[in-house]
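Contents: one structure, followed by commentary.
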Amino acid sequence: MSSKFLAIYLLLAFLSHGTCSYMATTASGWDDHDFFRHCPPSRCSKDGPEIRFPHRLESSNTSSACGASCARLACSGQDTMLHHPILGPCKVTSIDYKEAVINIIHLLPFPCPLQKLMVDSLPPDDYHGCNLYRRIPAKIVSCSKEFTPSGTSPVPYELDHLQNAAENIFGPISCLSGTGQYFSYLVHAQLYMYLLPLDCRIVSRGSIPIPGSDSCSGPTFKEKAEKIINFAETTVSWGSFQDGVLDNCMACERQKQLCAFSSRRNQTFCTSHGNHHATSSVAAFVVFSFIMATALYLSLKSRYDEEVHLKVEMFLRTYGTSKPTRYSFSDVKKITRRFKEQLGQGGFGSVYKGRLPNGVPVAVKMIEHSTGNGEEFINEVATIGQIHHINIARLLGFCSEGTRHILIYEFMPNESLEKCIFLHDPNTSQELLAPKKMLDVALGIARGMEYLHQGCNQRILHFDTKPNNILLDYNFNPKISDFGLAKLCARDQSIVTLTKARGTMGYIAPELYSRNFGEISYKSDVYSFGMLVLEMVSGRRNSDPSIENQNEVYFPEWIYEKVITEQDFVLSREMTEEDRL
């Protein structure tokens, strides 16, 4: 269980380190790359505009260095609110940091907004320490007759940025006009009066500020005025901050970077890590989740390993003294010379060559990929631990220490039958398995299987008979091995119950994966034996994808077609006349 406590210790160390780091950073100011960790972007709602430097959300509990003193926004429910120095409370619909503009809808309950603009005194340019909101100066004129501004009216050269007279005159304004007596218009303050009818005169005192931008690419004066009067969405822009903050931030945005502020250098800078806070938060969450998952995994694995260990030890105590020799893991390391020579690797683990203290060569199998709660190990020890038959691989010993499960078999120098019948060199294959020798091997396998089914106190069903599990000794005598999927049952038990299919595709009997083919019994092993013999005779795998006609290598269907069409069975191996006799 020490692994679980180690993981918990690492988790606490991680959390304490993060807390201490934050406190130290806050006390001494933060590095530039930590700006967005201390000043994270925020929103009032999921779909609301993102609020980040130079703006700051008042309710975010962040440092005053996270935004300009006059660039503070607030949340009202799900809405983002801005208190405009001229229009008052406004709802923010979007923010364009590249162009330094904010789209707003003013919420003053006045039927005629211009009346408030005419009465209120104009705030100074330096509003709370920075010129946050640009505005266009305007004036209200009253005319005795209604007129339609013409776009062809000449505009002085020095005012050509006003485009034309028609775009800088809005009206008549009904809420400021008398019924049929006079008509009021809102015009740009820099528009000359001689461009208007002669009966028009200025009625406003001073300049009327119309929020907006003087950018040539933005809305015209007429469009801005119309939106304000009709309580529609309008655009305002923030002006130059002290020390060129606006220009610096706009330059950052146009370079596809974000604007940030260095509290140590007291100046703005561009960063490509605008999502640093989000990235850091995600990274911290991932690390936190990983540590928690690791701690949980180690805890569950420790509990699982302990249950498997207790299960195996209970079996070994019940099994008695008749089991093979039990070795310690240190003994196994000496036997294998620290696992120096690997013979192969199978589905359940690796096999190493070793030598017992008495000099007997052995094959040491480490069960590394078990998924059956130790059942593979228990099956091997329980089934072949007491079997002594010339055609069954002998288990000489085992090791069980904690999660280590190791089996020690007699060494087979000629390896498995699979390597003999499927060698790439066909001549070598036929030399090793001539027809007479193939018959001897098949008979040996049959004798070993018959002993498992009938010769033991309990019937042993192998359920994984295939060439890879048939080992060959010095004289090429076959020995059945790998009893990890085996099942014990009474000798008089004709039907076997399994919770899931066992075996290898190509050799597994049909009834093992579909009850429509009948009940499971010892005959399931006989089916696998038949597939093995057909591979020995043909030299082909039961499902070799390199064969063009797949039907000819699916042996059951191939044999059925030969019988129905009364064709001869053609072997892929050549036989001498002596072999045929």
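Among residues other than Cys259 whose Cβ falls under 9 Å from its Cβ, what is the net charge (Lys/Arg +1, Asp/Glu -1)? It would help to have the intermediate numbers written out before the result.
Values: positive: Arg52; negative: Glu253.
Overall, the nearby charge balance is 0.
With label points built 7 Å along Cα→Cβ from the Cα atoms of Ala490 and Val287, find their separation and express it in nm.
6.3
Taking only the Cα atoms of the stretch 463-533, how large is their convex hull per residue, in Å³?
98
What FRET efficiency comes out for the pair Ala166/His83, r = Cβ-Cβ distance, R0 = 45 Å, nearest 0.05?
0.85
In which sequence would Leu258, Leu300 go, from the one with the fewest C-beta neighbours within 10 Å to the one with the most?
If I rank by nearby Cβ atoms, fewest first, I get Leu300, Leu258.
Can you give the local net charge around Thr62? Use residues other than it whose beta-carbon is closer than 12 angstrom to its beta-carbon, Lys and Arg +1, Asp and Glu -1.
Result for the neighbourhood of Thr62: +3.
Taking neighbour counts of Cβ atoms within 10 Å as a proxy for exposure, in what order, fewest first, do Leu198, Leu298, Leu57, Leu417 appear?
The order, fewest Cβ neighbours first, is Leu198, Leu298, Leu57, Leu417.
Tell me, in nm to one decimal, what length is gained between Asn266 and Leu343 on full extension, where the rule is 0.36 nm per residue of separation less the Cα-Cα distance?
Result: 20.8 nm gained on full extension.
Could you calculate the contour length gain from Thr497 to Asn61, that is, 0.36 nm times the residue separation minus the distance between their Cα atoms, to one decimal place in nm? If you can, show how the numbers build up before the last one.
Values: separation 436, 0.36 × 436 = 156.96 nm, distance 6.65 nm.
Full-extension gain reported as 150.3 nm.
Among the lysines, select those whose C-alpha is under 23 Å from the C-alpha of Lys301, and discard any that sit fewer than 8 residues away in the same chain.
The reachable lysines, counting only those whose Cα sits under 23 Å from Lys301, are Lys4, Lys311, Lys365.
Report the net charge of residues surrounding Ser94, where surrounding means a beta-carbon distance below 13 angstrom and charges are Lys +1, Arg +1, Asp -1, Glu -1.
Summing Lys/Arg as +1 and Asp/Glu as -1 gives -3.
Identify all lysines with a Cα-Cα distance to Lys437 below 23 Å; exclude those on the same chain that are fewer than 8 residues away in sequence.
Within the straight-line limit of under 23 Å, Lys437 reaches these lysines: Lys419, Lys466, Lys479.
On full extension of the chain, what length is gained from Asp247 through Cys112, given 0.36 nm per residue of separation minus the C-alpha to C-alpha distance?
Gain in length upon complete extension: 45.1 nm.
Got a sec? How would Ser45, Ser207 order by Cβ neighbour count within 10 Å, fewest to most?
Ser45, Ser207
Bear in mind that the values in this text are calculations on the coordinates, not laboratory data. Since we're looking at a predicted model, the values are computed, not measured. Note that each Cβ is placed from the backbone with ideal geometry, even for glycine, and that neighbours are counted across all protein chains shown.
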